[in-house]
Amino acid sequence: MTEEKKPEERKKRKTAAEAASKIGPMVKATIGGTVQAREEGKPIAYSFICCGYDEIIRAMDIVPVWTENYAGICAVKRDAQRFLERAEAENFSRSLCTYALCGLGFDAWREELGEMPPNPPWGGQARPDMMLGSGQMLCDPRNKWYQAAQHYMPDVPVYEVGLPWTPYEDDYDYREVQDYYVKYMVEQLRGLVEFLERQTGRKMDWDRLSELVDLADRTWNLIWEAYELRRAIPTPMGTGDAMNTMVPMVFMMGTQEGYDFYKDLYDELQRKIANKEGVIPDEKYRLIWGGGLPSWFALTDFNYFNSKGAVFPVETTYRMVEAIYHFDIDLTKITDPLEHLAWRWLKYWTYWYDKSKRRPGSHPDVERLIQYIEDYKIDGIVMHEAFSCRTWHVGLIWQLNLLKKIYRDIPSLILESDIVDISSYNEADTRARIDAFIDTLEAVKSRGR
Amino acid sequence: MPGESAGEGLAAADRYYRDYGCRARELKRQGKKIFGYLCAFVPLEVLTAAGFIPFRIKGDVNEPITKADTEMETIVCPLVRSCFDMSLKGNYEFLDGIVIPHACDSICRTYDIWKYTLNLPYSHLINMPHGTDDSSLNFYKAVLNTFRTSLSRFAGREISDQELTQAIGLHNQNRAKVRELYELRKASPPLISGAEIAKVLVAAMGIPIEESIEMISGVIDEVKQRGGVLASKPARIMVVGAQVDNVAFIQLIEDSGAWVVADDLCPGAREFFSYVDATDDPMDGIAERYLRKIKCGRTYREMKGNYQEYLEDRFGHMGQMIEDFDVDGVVLYIYKYCDPYGFEVPQIKSYIESRDTPVLYLEDEYSMSTIGRLRTRIQAFLELIGSK
């Protein structure tokens with residue numbers, strides 16, 4: 001059995017936005033709530049963030065356990081290694097997604113003990129009644145993790161929801177095929193509702209689902225509008241804080257609490273802009289976090305960037321919404337809530353396709369970078385390559401190469417580490433690379449003066 | 001018509017294996033169009049029906065990956081990186097197009113890199129769903145019809161049902177030949193070695209389907225004719241893993257004192273043992289085979305019955321093969337960064353061990369540099385089997 005290890009003590013990261021500082025207690029309460037729900041016999045589902053069907057889970061009063069989030073919390077607390085080691089002892093390769101490994105190690109240990117592993121971060125990960133997989137066009141762990149978890153919980157059923165989106169191709173336009181994609185997604189979502197009804201013995205309240213879908217639409221718009229405020233100079237909020245403020249976006253969609261959070265954030269950012277209150281008083285370099293999940297155990301690197309005069313007004317990571325009034329269809333006219341979810345999903349993932357088609361040789365991911373570079377007046381790009389995740393960390397080099405080819409050369413830095421596995425991280429090396437990047441930014445700026 | 005001086009049977013396989021792509025190069029010179037593809041999930045029947053020659057892009061364990069790293073992250077499956085590296089180095093300069101399936105993250109997430117970097121006249125991603133339920137099957141059929149339409153546009157002509165039916169017949173005939181070839185492994189000692197089989201199957205990936213049928217038929221005749229020439233060895237091994245497109249690993253096991261007599265690999269039994277059924281709409285049979293019949297970790301099979309029955313549904317074919325080919329031990333051979341199989345290791349291992357068959361799990365990096373370390377592990381495993 002893996003030895004209990006005391007996590008390394010860490011000081012709380014300093015946030016600029018008040019809203020961001022509320023996130024820690026919110027997440028702690030959410031995780032504590034799942035443990036409490038287990039004790040109270042409420043139905044609990046392991047779920048993936050950005051699953052596309054949050055509202056269905058909420059409408060049926062199912063308590064989601066966001067398993068990626070729990071692994072992230074273990075990483076933030078620098079207490080993930082014992083769970084990773086447990087997964088490795090079970091013959092899972094350390095090259096696999098470390099969110100999944102942390103979760104599987106935790107599950108294996110909890111099932112062996114019949115109770116939570118000793119001193120689990122924030123009360124532990126509650127045993128689920130069901131697990132909701134998610135077969136998309138990315139992230140194999142979303143359809144393998146829970147299947148693998150059944151090795152330790154063979155009595156817990158898994159439901160796999162297929163939610164693909166149309167590829168970006170030259171040989172046809174995505175609109176030629178979008179109808180059959182939506183039809184499939186609606187069938188899959190209907191299957192999910194039937195599965196949840198069977199598991200819980202409850203019936204879906206379709207009116208309530210429609211209300212929550214509408215609430216989520218309004219939340220999407222609000223998030224987009226709030227984040228666009230960050231274009232201001234000085235920017236009132238950076239990516240370091242956005243790695244906190246993404247929590248309601250990906251864990252609380254379809255809840256009033258989530259909506260209210262972004263209303264507060266919007267108001268706070270407007271207030272800061274009016275007062276010319278930035279993340280740092282004197283911005284020297286404006287950067288985009290252009291890809292990759294952060295190292296959850298090293299979020300203070302964002303503060304280090306700040307200490308060098310660099311801010312991140314924008315990021316592509318966890319900006320999982322667009323303003324729905326910008327879509328090329330009027331979602332408000334789609335009254336069937338499942339169809340509505342399917343169209344919103346498809347239009348989100350294809351949002352940059354048309355713009356990309358207009359620039360020869362471009363690609364939606366690169367087009368998005370270009371738009372943000374221009375809108376947010378960006379001087380340089382920072383990305384992070386997490387070794388264990390092929391979902392978000394493959395294609396970064398190529399995107400930078402393409403950006404240079406079709407747009408312009410812009411200073412860039414790819415940091416290398418992981419999302420959860422702290423053994424892959426070297427603070428001194430990371431900061432030396434950041435220092436060198438800052439020197440490059442300064443040199444480029446000097447040449448432009 | 002076979003290639004220039006290819007020889008027959010095992011000699012042809014050896015030539016096509018050693019000079020992989022030589023036949024495609026010849027055909028290109030004759031004006032044929034060659035379409036590269038990755039993985040077992042590209043429906044080759046559609047390419048064949050369109051008049052194009054499918055050519056599976058392979059890597060090379062002997063070639064250090066260098067050029068690929070300028071475009072593709074090193075966290076991608078090493079096999080895919082090697083395939084890309086070989087492509088960038090000009091080994092497959094004859095390709096007219098590339099078709100990539102939504103197989104795993106390493107393949108699907110690199111599609112754009114392949115497409116933009118190689119910049120071939122044709123590229124297409126087949127967006128295969130993970131699920132196998134009826135709605136997934138219908139969706140997949142629609143995806144395949146989009147592929148058919150796209151290929152038709154490129155070819156400048158329709159792909160008829162009749163052409164598809166003929167192509168299905170050819171590919172099924174090839175699969176039947178591979179099954180016949182595998183029958184030769186059941187004898188003790190086997191009539192054909194694992195390394196020879198691997199060579200034949202890899203060679204077949206790079207030549208037209210008609211020539212593959214002819215080559216494998218020649219190998220079967222030759223092996224039957226030569227009779228039992230292989231020496232007896234103390235252990236019969238099955239290899240389970242993703243894609244093994246070289247003989248080095250199989251040869252290593254056979255040099256260590258065992259015969260490799262069975263597999264669940266690509267190319268191998270996983271890819272060749274299932275047929276396309278004859279259906280009124282030929283795309284129905286194709287969709288059914290690729291989504292439901294090929295049992296690969298990338299596909300999510302819905303749970304029916306209890307957990308034990310679920311394991312039987314997912315891995316029962318491995319158990320059957322262990323029985324049919326009288327296997328003494330299984331080597332579970334998984335590449336680093338392989339998500340579909342990496343997550344299955346504990347389940348596959350415990351399923352096979354529950355049948356009293358020992359399992360050796362090896363994680364590897366698709367490189368000859370690891371051979372020494374693997375040899376030590378394999379020798380120890382064979383000793384363990386021998387002591388039982």
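FYI, it's all coordinate maths here, none of it is from the lab. Because the structure is a prediction, the values reported are computed rather than measured. Every residue, glycine among them, receives a Cβ derived from its backbone with ideal geometry; neighbour counts consider all protein chains shown.
Summary of values
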{"read-out": "Peptides A:90-103, B:232-245, B:10-23, A:289-302 ordered by average Cβ neighbours within 10 Å, highest first", "value": "A:90-103, A:289-302, B:232-245, B:10-23"}
{"read-out": "Globularity ratio of the protein assembly as shown, using Cα Rg and 2.2 N^0.38 Å", "value": "0.96"}
{"read-out": "Percentage, to the nearest whole number, of Cα pairs in the stretch B:235-388 over 19 Å apart", "value": "55 percent"}
{"read-out": "Relative contact order of chain B, pairs being alpha-carbon contacts under 8 Å that are 6 or more residues apart, as %", "value": "19 percent"}
{"read-out": "Global geometry of chain A, whether rounded, prolate or oblate, following the gyration tensor of its Cα atoms and the 1.5 cut on a/c", "value": "oblate"}
{"read-out": "Shape category assigned to the stretch B:9-163 from the gyration tensor of Cα positions, a/c cut at 1.5", "value": "oblate"}
{"read-out": "Peptide-level mean, for A:143-153, of C-beta atoms on other protein chains within 10 Å", "value": "5"}
{"read-out": "Residue mean of other protein chain beta carbons inside 10 Å, B:94-105", "value": "2"}
{"read-out": "Cα→Cβ-extended label distance, 7 Å offset, between A:ARG408 and A:GLU225, nm", "value": "3.2 nm"}
{"read-out": "Point-charge dipole on Cβ atoms (K/R +1, D/E -1) for chain A, about Cα centre, debye to 20", "value": "1320 debye"}
{"read-out": "Evaluated at q = 0.07, 0.09, 0.13 Å⁻¹: base-10 log I(q)/I(0), Debye formula over Cα of chain B", "value": "-0.30, -0.50, -1.13"}
{"read-out": "Length-normalised contact order of the stretch B:9-163 in % [C-alpha pairs under 8 Å, at least 6 apart]", "value": "21 percent"}
{"read-out": "Distance between modelled label sites at A:ARG190 and B:GLU365, nm, 7 Å Cα→Cβ extension", "value": "5.1 nm"}
{"read-out": "Residue mean of other protein chain beta carbons inside 10 Å, B:356-366", "value": "1"}
{"read-out": "Dipole in debye (nearest 20) - the stretch B:9-163, about Cα centre, beta carbon charges: Lys, Arg +1; Asp, Glu -1", "value": "540 debye"}
{"read-out": "Within a Gaussian network of chain B (alpha carbon springs, distance under 10 Å), most fluctuating of B:ALA278, B:ALA40, B:ALA287", "value": "B:ALA278"}
{"read-out": "When the convex hull of its Cα atoms is projected in every direction, mean area for the stretch B:134-253 (nm²)", "value": "10.1 nm²"}
{"read-out": "Most fluctuating residue given options A:GLU39, A:GLU111, A:GLU416, as computed from a GNM of chain A linking Cα atoms under 10 Å", "value": "A:GLU39"}
{"read-out": "Top positive-direction residue, dipole computed over the protein assembly as shown with Cβ charges, set A:GLN256, B:ALA13, A:PRO411", "value": "A:PRO411"}
{"read-out": "Under the Debye formula (equal points on every Cα, no solvent term), log10 I(q)/I(0) of the stretch A:236-341 at q = 0.17, 0.20 Å⁻¹", "value": "-0.95, -1.17"}
{"read-out": "Hull-based mean projected area of the stretch A:103-151, where the convex hull spans the alpha carbons, in square nanometres", "value": "3.9 nm²"}
{"read-out": "Descending semi-axes in Å of the stretch A:173-228, equivalent ellipsoid built from Cα gyration tensor", "value": "26, 21, 8"}
{"read-out": "Relative contact order of the stretch A:18-448, pairs being alpha-carbon contacts under 8 Å that are 6 or more residues apart, as %", "value": "18 percent"}
{"read-out": "Distance (nanometres) between label positions extended 7 Å along Cα→Cβ at B:ASP277 and B:SER387", "value": "4.9 nm"}
{"read-out": "Rg over Rh [alpha-carbon atoms, Kirkwood Rh] for the stretch A:33-92", "value": "1.06"}
{"read-out": "Net charge dipole size for the stretch A:303-361 [Lys, Arg +1 and Asp, Glu -1 on Cβ; Debye, nearest 20]", "value": "360 debye"}
{"read-out": "Residue among A:ALA148, A:ILE397, A:PHE106 farthest towards the positive dipole end of chain A, charges placed on Cβ", "value": "A:ILE397"}
{"read-out": "Set A:LYS276/A:LYS308; B:LYS177/B:LYS224; A:LYS404/B:LYS89; A:LYS284/B:LYS67; A:LYS357/A:LYS404; A:LYS14/A:LYS308 screened for pairs whose C-alpha atoms are more than 25 Å apart", "value": "A:LYS284/B:LYS67"}
{"read-out": "GNM result for chain B, Cα springs below 10 Å: residue of B:PHE139, B:PHE84, B:PHE325 fluctuating most strongly", "value": "B:PHE139"}
